[in-house]
Amino acid sequence: MKLELSRRKTETLADLLEAQGCPLDLRCGGNGSCGRCRVQLLSGTYRIDGKQISVSPPGIFAKACRTVLESENGSVEIPDSSQRSSAGNILAEWTGAPPPRVQAPVIGIDIGTTTVAAVKLVNGTIAARASAFNEQSRFGDNVISRIVHAGSSPEALEEERKAVTNTISRLLAELDASDCVRIAVAGNTVMSLLFHGIDPTPVGTMPFLPPTRCFPVRSASEFGLISAPPDIPVLTMPAVAGYVGGDLVAGIARTNPQPGEMLVDVGTNCEIVFRTSEGIFCTAAAAGPAFEGGGIPCGSRAVAGAVDHYFPDGTFSVLGGGNAKGLCGSAMIDFLAVMRKTERLNEFGRLQPEAERFLFTDTLSISEEEISHLLKAKAAVAAGIRTLADYCGTPLKRILLAGGFARYLDLANAKAIGMLPEVECCIVGNTSLAGAAELAAAPEKLPELEQLSAEPHELPLNTLPEFENNYIDGLMLP
């Protein structure tokens with residue numbers, strides 16, 4: 001896509017393009033570290049990382065977040081790969097009992113760090129689904145980046161609040177919320193705080209306590225949800241702790257794990273709940289964004305053109321068909337398992353025989369450094385599961401895998417690389433969305449959910465002595 005630009009103050013090129021309706025992929029929050037916003041500068045004068053450069057065709061490539069247009073006009077070419085997608089294959093399904101049957105339409109919403117999914121229920125059945133990437137992604141692809149940005153000023157906090165409410169308003173319009181009588185949302189603690197316009201800074205500093213765990217019922221107009229009747233109530237799932245949020249409370253309520261069962265939501269922040277005969281214990285492991293493409297140039301979210309599975313013969317499947325544009329997390333798990341089984345990766349994740357990169361196609365490849373990012377992500381998940389189970393001293397019988405990442409996961413491959421232990425695993429779908437839908441249908445359950453949110457005992461992994469050893473062990477491929 002080619003665009004003609006006119007200078008506006010000292011905004012970055014990324015800001016200019018956003019204003020012209022062409023948002024870029026700013027997973028690093030615009031600090032220049034991810035390189036996802038590369039564009040081709042065709043003409044004009046620019047300041048790139050403080051250095052002024054005059055450009056003429058054929059031009060040069062630059063990171064838009066580190067570039068400012070200095071001349072009155074300029075033109076750029078924007079690769080498809082640099083544009084921020086607004087929709088993807090986001091999970092809006094779940095297992096288990098259907099929500100209560102209420103005749104009036106209600107809407108449940110799962111606010112994820114990366115994605116937002118919504119369903120409209122009519123008489124207990126799903127009448128419509130909608131999903132989109134969270135517009136907050138331009139402030140970074142993880143909750144720490146969001147916390148830092150939101151805490152920098154009241155204006156920045158309001159920016160993030162509006163970003164998520166804009167995303168939700170778009171979904172409400174797609175679902176036609178005009179006849180709805182109630183909305184309920186669930187999300188991790190930081191997402192819920194930002195939705196309410198509450199500064200999440202305390203979650204990012206010791207002792208990581210959220211400003212609140214329970215949220216007031218407010219009207220749609222108070223949130224600025226312009227696509228819903230202004231006076232309808234909006235309920236929010238209560239949180240457990242700073243890094244174990246309402247999404248896991250919804251999951252506990254939906255799946256009712258029994259002693260020896262663990263609920264795991266593998267995402268940028270991997271949340272884990274384990275029930276024993278002594279009660280419910282929970283923790284969170286910082287898996288990072290590698291399985292969503294962060295820090296991996298060939299990585300991709302689950303959108304059309306993303307490779308979702310990689311097979312032993314070197315072939316792969318692509319979401320939506322067509323040419324492969326990147327690998328999503330499930331394909332990366334497959335890649336590690338296949339390459340290790342065929343001895344093309346050693347236990348340290350090194351390519352065998354030695355090579356700078358492994359080529360999937362002429363345009364897609366991965367280096368050993370990028371493979372190390374994948375190993376760190378899988379190690380965090382594995383260490384979180386093992387450390388929590390060992391600390392509780394209860395045999396782990398079964399894992400319930402929630403969230404969108406589990407949707408495409410090959411469980412055998414996840415076990416083969418040591419990310420999941422050799423126990424029964426069951427994919428339960430988007431339990432956060434299911435819980436929100438159930439709360440929208442049965443708002444009288446909110447006090448019960450607030451009581452449930454107080455039951456889990458939080459165990460921060462950095463306080464558990466075995467976590468570091470388990471993490472180091474997890475960096476290896478079996």
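Which of the following values of Rg/Rh (Cα atoms, Kirkwood Rh) was calculated from the structure shown: (1) 0.97; (2) 1.08; (3) 0.94? Recomputing Rg/Rh (Cα atoms, Kirkwood Rh) here gives the entry labelled (1). Summing +1 for each Lys or Arg and -1 for each Asp or Glu among the other residues whose beta-carbon sits under 15 angstrom from that of GLU368 gives 0. Given the DSSP H assignment, sum -39500 (n - 2.57) over each helix run of at least 4 residues in the chain and divide by its residue total; what's the result at 222 nm in deg cm²/dmol, nearest 500? One gets -8000 deg cm²/dmol as the mean residue ellipticity at 222 nm. When you restrict to C-alpha pairs under 8 Å that are six or more residues apart and normalise by the size of the stretch 108-174, the relative contact order lands at 27 percent. Straight-line cross-link reach from LYS397 at under 17 Å between alpha-carbon atoms covers these lysines, not counting any fewer than eight positions away in the same chain: LYS415. Cα gyration tensor of the stretch 271-364, axes a ≥ b ≥ c as square roots of the eigenvalues: rounded (a/c below 1.5), prolate (a/b > b/c) or oblate? Prolate. Toward the positive end of the charge dipole of the stretch 363-423, with +1 on the Cβ of Lys and Arg and -1 on the Cβ of Asp and Glu, the farthest Cα among THR387, SER367, ILE417 is that of THR387. Just add up the charged neighbours of CYS328: K/R +1, D/E -1, any other residue whose Cβ is under 11 Å from the Cβ of CYS328. Net charge around CYS328: 0.
Please report how far the C-alpha centroid of the stretch 184-200 lies from that of the stretch 217-269, rounded to the nearest whole angstrom. Centre-to-centre (Cα) distance: 9 Å. The stretch 274-328 and the stretch 366-424 have their alpha-carbon centroids 12 Å apart. Scoring 180-191, 360-371 by mean Cβ neighbours within 10 Å over their residues and listing the highest first yields 180-191, 360-371. Taking the Cα centre of the stretch 126-230 as reference, the dipole from Cβ charges on Lys and Arg (+1) and Asp and Glu (-1) amounts to some 240 debye.
Positive contributions from Lys and Arg (+1) and negative ones from Asp and Glu (-1), summed over other residues with Cβ under 10 Å from the Cβ of GLY245, come out at -2.
Take 332-342, 69-79 and order them by the average number of nearby Cβ atoms within 10 Å per residue, most first; the result is 332-342, 69-79. Take every Cα pair under 8 Å in the stretch 236-380 that's 6+ residues apart, average their separations, divide by the length, and report that relative contact order as a whole percent. The normalised contact order for the stretch 236-380 reaches 16 percent.
No value in this document is a laboratory result; all are computed from the given coordinates. Just so it is clear, the model here is predicted, and its values are computed rather than measured. Every residue, glycine among them, receives a Cβ derived from its backbone with ideal geometry; neighbour counts consider all protein chains shown.
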